[in-house]
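In what follows, a structure is listed as structure tokens, so that the remarks can point back to it.
The values are calculated or read from the model by the stated rules, or taken from the named source; none is laboratory data. Predicted model only: the values in this text are computed from it and were never measured. Note that we place each Cβ from the backbone using ideal geometry, even for glycine, and neighbour counts take in every protein chain shown.
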Amino acid sequence: MTQKKNIVIIGNGVSGITAARHIRKRSDHRITVISAETDHFFSRTALMYIYMGHMKYEHTKPYEDWFWEKNRIELRRDYVSKVNPESNTVLLDSGEQLNYDELIIATGSSSNKFGWPGQDLKGVQGLYNYQDLESMEASTNGIERAVVVGGGLIGIEMVEMLLSRQIPVTFLIREDSFWNTILPKEESEMINRHIRSHHVDFRLKTEFKEVLSDENGAARAIVTGDGEEISCQFVGLAVGVHPNISFLKDSGIETDRGILVDKHLRTSIPNIYALGDCVQLSNPQPGRRPIEAVWYTGKMMGETVAATICGQPTYYDPGIWFNSAKFFDIEYQTYGYVSAQPKEGEESLYWESEDGTRSLRIVFDSATSSVVGFNALGIRLRHQVCDEWIGNRTSVDQVVANLGKANFDPEFFKKFEKEVQLKFETNKP
Amino acid sequence: MSKEGFSISLVNPNAPGSDLVQKVGIGISALGLLSMLIGATGPANQDPSFYFWTGIMTSIVGFSIYILRTFLHKTESENNNHIFNSSLTARGIAGWAFGIFLTGFYIVLYWGPSSYWDNAALVTMFDPISQTIFGFRADRWFLYGFIYTVSILIMGVRAILKYRHDNYQIVRTCSVMFFQLGFAFLLPLFMKAMSQPEFYFSYVWPLDYDMLWPDSVDGLMNAGTLALWLLIASAFITFIATPILTYFFGKRWYCSWVCGCGGLANTAGDPFRHLSDKSLTAWKIERWTIYPILVFIVLLTILLWINSYLQGDIFGSFSHQLAKGYGFFIGQLFAGVIGVGFYPLLGTRVWCRFGCPMAAYLGLLQKYFSRFRITTNGGQCISCGNCSTYCEMGIDVQAYAQRGENIVRASCVGCGICSTVCPRGVLNLENGSTHTDRKNDNPITFGNDGVGLASTSEA
């Protein structure tokens, strides 16, 4: 048995908690998790469902409250104001100092604000943490209109949330189509149509200039790039997130946009690791970005760090990219690498249902015809099968012929395979 | 750009209020209930037809208008909006009031004095429909059967509208509506009308606990050829068809496709399904109640047969007292009063989860000998908690999903709602090609190749 270490984890989000759980599985180390946000781990992805009344906060906690004591994971509700690598201590807001043998930083993201006039007024906010949910709850009570800025995943979630309360929403995005830095044209346009079908005042190619204040310092309107004033009492800023690392300023831990880590997720200080949204990989794998603020990578990093700390040094290797989202009624899944703009040397087979609510894109290499990625809207694909096809460089012919194996839709759902196969045959030269 | 569709918001900007049509529906339905209430105090005995139409039928029509309007307007993503903000569906005052009303109804139904029921005007107003279809007068069990069936039908339509994007839910709901209407209402009552045994086809032993007791068996054996065949069919379903069907499809073929208790839970009870207790403690309690009840009913049935064979030589009236006790405590108090009466407080499947011996039997088969499983889709789970919240059986589905593990649980009735509410396409009900590959123990977080490949050590 290895020597018992004292491990401190800053942040009780999915990354920090996954690390804690796996360290406990593998060892008897002392584990302390510090969070200023909530007493217990909850699922950040479910914030919208609390607002919409699908669930209460307690339903979003993946583990019951007794779980932590039973697994000897000590929870501290406090804010870490400073990390002192020289003395191996962290300083808490309460004034207390905690010693650590190994430190794991998993402090997640903060919402972006780009210095717009009025961005700090009451009723102007992003949506990332539990406190954001509370302030959104308070600021949207009884209002007449809301504006959401930013055409990404959080933006569309905020629109959906507000509509659930019958609050009319104006949705401003700078690009000429929804999330078109990630989604190819057809998928992006499908979501544009879907957003409109939900009665959103949806403005493409519209810049956001400033928020105007009322006499109480709360938002009363926004001004667009063309100078149009839109009266509203709430402004959702969903223009991306950045690593939440300001508290590390003078710690000596090397940072850039995020905390710089090596393949083992180790920072510039050997006994300090970092993971999740706050991390910037020094050497990301080919095709991957250095900062990937998504749920899944946080989870994988947690597992990786736990292995390394418990005496089994492990590289962070997230495998083939995947992600998912839901835009109102339309589910989105992606596997492998599907770029927004067609890449040179790649082709794609795109099928869309007649009613324009389901689609499948299979991207493949023109020369070898091996499959590199899938985009699915409104249909469910089997992760394992897609992963294997991409990993094994299976040819698009084989994939299309065996498409049924990847179908994860529930029983009695209308099958899409035949239509996709037909489309494939017709498109063949 | 478009702003149409905010008709609701014009009335009340933030509360998810109801529009004119919904209000009219509720209004008509309330008038109907009022008429029933007045009729029940006596007048319905003089003019049953009037109260049948202005009371019963009017409230059905009004409620149907409300439901059609409500759900034709909602899209999939709006289905569960404000469930936890509504007094009725989140154990508020309205929920408690409704729970007390339902519980009271069951108490009066089961144990109300026959002096009341024999001349009750409330029953008489059901005479028109009872006489027209079956040619006999209504009694309290007709009233109960009618309300039960109509609840499944109307709320079944509601479930079909609500889940109209999901073909599994549509087909399954049609199935429970069909079995309730045909096999648990029309057929048994037609048989009664033709002086044949009133035989409830969709309920079998051990749920229909006294079906295989000596008295009922004797009764059926002396009631003609048809009755004898029914008896054989019933025993066949319990002992032969059940294990075979459960092997191929899991327990859902019965609990979520045929059974009237499950049918009521999944239609009338749908607004309350999320109130089930998800804690580990509840799971422990469940195992300590449901299996002993199964054991008890099996032993009791054996005992009754021994007693019948020996003509009471050894046990005297003991076994009959036990049988009476079971009927009272389990058959009526648990299955009826608590099972349905407590829908708005404990969720919909309290009986199915903690009490039903048929569910226990099916559950054991499902757990140890079935091809059915709920598959988890690789690493896509985001631990949002929707699946667990909306599981009527109180299974912490998410606990499995977030580990990438398949769900094989005795209690799962295969209603499929976890898959329906999952926002990331993670869960799927599947019948595999064998029962041996159901569990994928110790899965890794899918996609994490670093940990998965027995780990790459320092380069």
Given (1) touching a Lys or Arg at 6+ places or on another chain (Cβ under 6 Å); (2) crowded, with 17+ Cβ neighbours inside 10 Å; (3) not aromatic (Phe, Trp, Tyr), A:GLY217 misses just (2)
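Only residues that are part of a helix (DSSP H, G or I) and crowded, with 17+ Cβ neighbours inside 10 Å: list them for region B:102-128, please.
At the first step, the residues of region B:102-128 found to be part of a helix (DSSP H, G or I) are B:102-111, B:114-118, B:121-124, B:127-128.
Answer for region B:102-128, where residues must be part of a helix (DSSP H, G or I) and crowded, with 17+ Cβ neighbours inside 10 Å: B:LEU102, B:THR103, B:PHE105, B:TYR106, B:LEU109, B:ALA121, B:LEU122, B:VAL123, B:THR124, B:ASP127, B:PRO128.
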Scanning region A:37-90 residue by residue, the ones that are within 22 Å of B:HIS274 (Cα to Cα) and among the aliphatic types (A, V, I, L, M) total 6
Considering only helices (runs of 4 or more DSSP H) wholly within region B:332-413, the ones with at least 2 residues that are out of contact with any Gly (no Cβ under 6 Å at 6 or more places or on another chain) are B:350-354, B:357-368, B:386-389, B:397-401
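Out of B:TRP96, B:TRP117, I need the residue that is aromatic (Phe, Trp, Tyr), modelled with pLDDT under 95 and out of contact with any His (no Cβ under 7 Å at 6 or more places or on another chain). Which one?
On the way: B:TRP96 fails: modelled with pLDDT under 95.
After applying the criteria, what remains is B:TRP117.
In contact with a strand residue (DSSP E or B) (Cβ under 6 Å, 6 or more places away or on another chain), surrounded by fewer than 19 Cβ atoms within 10 Å (Cβ to Cβ) and either of a type in the set (A, V, I, L, M) or within 14 Å of chain B (Cβ to nearest Cβ) (or both) - does that describe any residue in region A:302-321?
To start, the set of residues in region A:302-321 that are in contact with a strand residue (DSSP E or B) (Cβ under 6 Å, 6 or more places away or on another chain) comprises A:305, A:309, A:320.
Among the residues that remain, those that are also surrounded by fewer than 19 Cβ atoms within 10 Å (Cβ to Cβ) are: none.
No.
Does B:PRO128 meet the test of being farther than 23 Å from B:LEU264 by Cα, touching a Phe, Trp or Tyr at 6+ places or on another chain (Cβ under 8 Å) and more than 14 Å from chain A (Cβ to nearest Cβ)?
Working: farther than 23 Å from B:LEU264 by Cα: yes; touching a Phe, Trp or Tyr at 6+ places or on another chain (Cβ under 8 Å): yes; more than 14 Å from chain A (Cβ to nearest Cβ): yes.
Judged against the criteria, B:PRO128 is a match.
Yes/no matrix, rows are residues, columns are (1) within 30 Å of A:SER15 (Cα to Cα); (2) touching a residue at least 24 places away in the same chain (Cβ under 8 Å); (3) touching an Asp or Glu at 6+ places or on another chain (Cβ under 7 Å); (4) crowded, with 20+ Cβ neighbours inside 10 Å:
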{"site": "A:ILE173", "(1), (2), (3), (4)": "no, yes, no, yes"}
{"site": "A:HIS199", "(1), (2), (3), (4)": "no, yes, yes, no"}
{"site": "A:ALA221", "(1), (2), (3), (4)": "no, no, yes, no"}
{"site": "A:THR224", "(1), (2), (3), (4)": "no, yes, yes, no"}
{"site": "A:CYS232", "(1), (2), (3), (4)": "no, yes, no, yes"}
{"site": "A:GLY240", "(1), (2), (3), (4)": "yes, yes, no, no"}
Taking B:ARG371 as the residue in question, decide whether it is basic (Lys, Arg) and surrounded by 20 or more Cβ atoms within 10 Å (Cβ to Cβ). no
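Within region A:9-44, how many residues are more than 19 Å from A:PHE67 (Cβ to Cβ) and crowded, with 21+ Cβ neighbours inside 10 Å? So that I can check it myself, show each step before the final result.
Kept after step one, since they are more than 19 Å from A:PHE67 (Cβ to Cβ), are these residues of region A:9-44: A:10, A:36.
Restricting the remaining residues to those that are crowded, with 21+ Cβ neighbours inside 10 Å gives A:10.
Residues meeting the conditions: 1.
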Among (1) part of a loop (DSSP other than H, G, I, E, B); (2) in contact with a Gly (Cβ under 7 Å, 6 or more places away or on another chain); (3) surrounded by 19 or more Cβ atoms within 10 Å (Cβ to Cβ), B:ILE293 falls short only on (1)
Inside region A:317-365, the number of residues satisfying the requirement of being of a type outside the set (Gly, Ala, Ser) and farther than 29 Å from A:ARG196 by Cβ is 11
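Among the residues of region A:173-209, how many are outside any loop (DSSP other than H, G, I, E, B) and either within 14 Å of chain B (Cβ to nearest Cβ) or within 20 Å of A:GLU144 (Cβ to Cβ) (or both)?
First, pick out the residues of region A:173-209 that are outside any loop (DSSP other than H, G, I, E, B): A:185-197, A:201-203, A:208-209.
From the residues that got through so far, the ones that are either within 14 Å of chain B (Cβ to nearest Cβ) or within 20 Å of A:GLU144 (Cβ to Cβ) (or both) too are A:191-197, A:201-203, A:208.
So the count comes out to 11.
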Would region B:247-256 turn up any residue that is in contact (Cβ under 8 Å) with a residue 40 or more places away in the chain and exposed (fewer than 15 other Cβ atoms within 10 Å of the Cβ)? yes
Scanning region B:377-420 residue by residue, those crowded, with 24+ Cβ neighbours inside 10 Å, within 9 Å of chain A (Cβ to nearest Cβ) and among the β-branched types (Val, Ile, Thr) turn out to be B:ILE382, B:THR389
Note on region A:1-44: residues in contact with a Lys or Arg (Cβ under 9 Å, 6 or more places away or on another chain) and modelled with pLDDT under 95 are A:LYS4
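For region B:231-245, check the following and say yes or no: at least one residue is in contact (Cβ under 8 Å) with a residue 60 or more places away in the chain and outside any loop (DSSP other than H, G, I, E, B).
yes
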Region A:344-429: strands (runs of 3 or more DSSP E) wholly inside it with 1 or more residues that are within 14 Å of chain B (Cβ to nearest Cβ) are A:359-365, A:371-377
